[in-house]
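Written below as C-alpha cells is the structure these notes are about.
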Ligand code: SF4
Ligand SMILES: [Zn+2]
C-alpha cells in the first residue's frame, strides 16, 4: 500500500478534521486483539447503518442514527487512540469485505453513508480542509459568471426551499455526472453539462469522490490480498476468516418474531415461505435424502434461524439421512454437525445463518445444491424453478432481467413480490428476512382484521 | 432451425429470397415476411448503422478499438416470436449477412460489453464478472399509450394527428434539456413505428454514464409522483426549477392553450372537466367552477370555444388575488403539466443493458419504417405518412433504376430520411468521434513521452 501521508502526524495548528479519508494504510503497531475488537466495533456501526437504510430511514433520522452508533461503538479510553481505532478498524474491514463483488458493494455503501453523515457534522472550515485534501479539481465560479446566472441560482435555491444565495456565496462548477443525487432531485442549476453546486451541497461532491476512491481501493486490496501480502496473510487470515464467518449481514441468530416451526408443518412452510435458495435445498434433500456439507450448513443454519428446535432438527435430518446412510451412520457422522450448528459441540459458537451476501458469494461445486439460484443456476433451470413457484411468464422475464444485471437480491425480491402479491420495500437481504416477511404477509391475509 | 421456421410454408409465395423481382403492382398494405426480405435486401442502411455503432473505431487511426463494434449486442426477434439475444458481428458485412439470412421482424440494439457477448459463456468460467456492459447510448422511450388518461381521440396503440402532438411536445422538452442543460450534441430521435418515439443520445460522455448517472438524468425529468396504478399526479414545488420554468413557458403552456384545449376538448363534458377539478385541492374553488359550468351548459350560446372559455375561468379563479395560498396558484401549472409534460418510461433510461429497437426497422404491425425525426422540425412530422413497407416496395417496382443500390434507395421515399440521418446526425457524430480519438491518442503519446523523459 502507499506510503503514509502527512495527515498521520500529530495535528498541527491548521484546521484539521477528525474525519480521515483512509487513503493509505496505517503504519502502526497494532495488537492482534485490538485488531479484531476494533473491527467488530466498526462492524456494529456499519450493520446499524445497513439496518437503518433497509428500514427506509429519512436523512435526518440517518444522521442521528449514525451519530449515535458512532458514539457508542467507536470510543476509546485513550482519546489519542480514537483516530487510530477509526483508521485501523476501517482497514481491517477492507480486508474482510474486499473479497467478492457483493461484499465490496455492501461495504462501499455502508462506509459511504457513514462518511457522508460524519462529514455533515464537521465545521465548514474542516469541510473545506477535507475538500482541499481530496484535491477536488473544481473551481469556484467567478464573479462575472455568477452575475450572469444569479437569477437561475436563486430560482433553484427557492425551489428547494432555501434562501437566496448571498453575494459572497461560493458555487462550484462541476460536471453534472459527478453529482448524480443533486441532479436527480433537481437541486442544482445545470447548464451545458455543468452543475452549479452551492457550498452547502458540497457534501455530495466529496461523497462521490470518497466513494470512487474507496471502490478502487477495495479492488486493489482484493488483488493484493490474493497475491502479494503473504506474511500479512498468515497472520491475519484466521482473524479475517472469523470476522467473515460470524459477522456478515444483520443478526438473524436469534429468531424472535415468529413462533418456532415444527416438523409437521415444515413441508407446508417450505412451499409457502422459503426463498428459492432454501426451497431448492429442501426439495433436493427430500428427493435424495442427502445433502453435501455446503448444503447442510446453508439449510441447517437457516432452519435454526427460522425457529426449528435442536431436537426437531435432529429428528428432521435423521429421518432423511437414515433412508440413505442408515440411522446409525447418521448418529455417528452427521448428528455432530447439526449439534455443532446449534453451538452444542466443538467451540460452542452459535453459528449465524447465512445472509444473502454470504449465500451469493458461495461457490458450489459438482453435486452441491447450495448457493443462490439466481446467481448459480443456469438460465434454463432458473426459469423452470420460477415456473414451479407459480410465477407468470411476465414476472419471470422481470426476474431474469435483474439476474442478467447480476442483481440477484433484487431478482429474489421480485420473486417474493410475485409469489405473495405484496410489495417488499426493503428488498431481500437475508433468507430469514424473506421467511419472516413472507409469514407476515400470509398472516395478514389469513386474518385481515389485524 | 430458426431459419427454416421463418421460411417454412412460404415457398409457394411469389417472392423467393431477396434478389427476386416483386411482380405485383398493387401490394396489399401492411407487413409480411417476404416484403421484409426485399427491404433487407435492397433498402436497409447497413453501412450507416455500422458506421454509427462503430463510433469511429472502424478507421485506420492507431487509437481505434478494433473490437468495439464486435462487442455490441444485437438481438433479433424472428417470426413466431423466436427471440435471439446476444448476437454480435465483427463488421458491416457480417451484420448484413445475418440480417438478410434471419430476416428479423425486429432488431434491438443493446450495450457494448466488456467482451464479445456471443462468447460470454466462455468468459463466465473465469469468474469475477468479466462480462459486463461498458458503454451504451443514453436512451429514452416515450409511448403514447402512457397518455391514455389525457387523450380522448384514441386509446391504446392508436395514434392520430390530434394526439400525436403530445409526442412532439415531449421531443421539444427533452431535446432542449439534453442539449442546453446536459450539454449533449449527438442526439437521434426516431419514430418507434407505431405509437411513440425513441431517443438516442450518442455523445461519448453519454455512452459512458453509469446506471446511477442515467437514473439521475431520468429523475431530473420526472415530475409525476405516486404509483403507476393511480392516475398520474404532478406535484410541483412552489417555485419551479429553471428547467421546468423553461419547459412551461416555451413549450407546454402554449401547446396546452392553443392546441390541446380544443383538440382534445378537455372541458367539453362533465366527465372530462371533473377530471381537471380533481386536481384542485380546494372545495370552494371546485364547487364554484362546477356550478358555473353546469349553468353554462344550458345557455351555451357563445360561439367561442367552450374549452377556452372554461380554462380562462379556471385560471381567473385560481390566480386571482383572492387565492392567497401559493399551492393553489401552482395548480394552473400543475394542470398544464399533467396534460402535456413528457411521460418517460424511466426503466429504459436507467439501465445500461436495456435493449431498444434499432432505427430503420419496420414495425411488424403497421409496416411503418422507424424513421428519424428532426427535432427542429418535429411539428411537421406526421406519423400517418411515414413510409411503409408496401409503399417502398411499390416504389422499387415502379422505378426501373437497376444501376446501383444507393441510387435505388435514394429514389424511394425513404431516401429523404436516410439523407437526414446522415447529414444531421451521423456526419457530425463521426467528426466528433474522430476528434476524440485524436485527442485521446495525443494525450497518451504525451504521457508516454513524459514518463520516458522522467
Ligand atoms: S437472494 Fe438471498 S434469499 Fe434469495 S435465493 Fe439468494 S440467498 Fe436466498
Ligand atoms: Zn388520437
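Tell me, which residue of segment B:165-179 that is surrounded by fewer than 22 Cβ atoms within 10 Å (Cβ to Cβ) and in contact (Cβ under 8 Å) with a residue 24 or more places away in the chain is farthest from ligand 1 (Cβ to nearest atom)?
Restricting to residues being surrounded by fewer than 22 Cβ atoms within 10 Å (Cβ to Cβ) and in contact (Cβ under 8 Å) with a residue 24 or more places away in the chain, the top hit is B:165.
Here are the criteria: (1) away from ligand 2 (no atom under 16 Å from the Cβ); (2) more than 14 Å from chain A (Cβ to nearest Cβ); (3) without any contact (Cβ under 8 Å) to a residue 40 or more places away in the chain. Tell me which single one residue B:198 does not satisfy.
(3)
Out of all the residues in segment A:214-225, which are within 14 Å of chain B (Cβ to nearest Cβ) and in contact (Cβ under 8 Å) with a residue 24 or more places away in the chain?
Passing the criteria: A:215, A:218, A:219, A:222, A:225.
Filter segment A:188-213 down to the residues that are at the interface with another protein chain (Cβ under 10 Å from one of its Cβ atoms) and outside any helix (DSSP H, G or I) and list them by number.
Within segment A:188-213, A:188, A:189, A:190, A:191, A:192, A:193, A:194, A:195 meet the criteria.
One line per residue, one yes/no per condition, for (1) without any contact (Cβ under 8 Å) to a residue 60 or more places away in the chain; (2) surrounded by fewer than 18 Cβ atoms within 10 Å (Cβ to Cβ); (3) within 16 Å of ligand 2 (Cβ to nearest atom); (4) over 16 Å from the mean Cα position of the chain (by Cα):
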position: A:407; (1), (2), (3), (4): yes, yes, no, no
position: A:410; (1), (2), (3), (4): yes, no, no, no
position: A:413; (1), (2), (3), (4): yes, no, no, no
position: A:427; (1), (2), (3), (4): no, yes, no, no
position: A:432; (1), (2), (3), (4): no, no, no, no
position: A:436; (1), (2), (3), (4): no, no, no, yes
position: A:445; (1), (2), (3), (4): yes, yes, no, yes
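Out of (1) buried (at least 16 other Cβ atoms within 10 Å of the Cβ); (2) at pLDDT below 95; (3) out of contact with any helix residue (DSSP H, G or I) (no Cβ under 6 Å at 6 or more places or on another chain), what's the single condition that is false for residue B:246?
For residue B:246, the exception is condition (2).
From A:175, A:180, A:137, grab the single residue that is within 14 Å of chain B (Cβ to nearest Cβ), surrounded by fewer than 16 Cβ atoms within 10 Å (Cβ to Cβ) and within 16 Å of residue A:202 (Cα to Cα).
A:175
For residues that are surrounded by fewer than 17 Cβ atoms within 10 Å (Cβ to Cβ) and within 14 Å of another protein chain (Cβ to nearest Cβ), scanning just segment A:367-393, find the one that is nearest to ligand 2 (Cβ to nearest atom).
Per the criteria, the residue is A:393.
Run down B:150, B:245 and say which single residue is within 16 Å of ligand 2 (Cβ to nearest atom) and farther than 21 Å from residue B:374 by Cβ.
Unique residue meeting the criteria: B:150.
The values are calculated or read from the model by the stated rules, or taken from the named source; none is laboratory data. Keep in mind that this is a model prediction, so the values were computed, not measured. Using ideal geometry, Cβ is built from the backbone for each residue, glycine included, and neighbour counts are taken over all protein chains shown.
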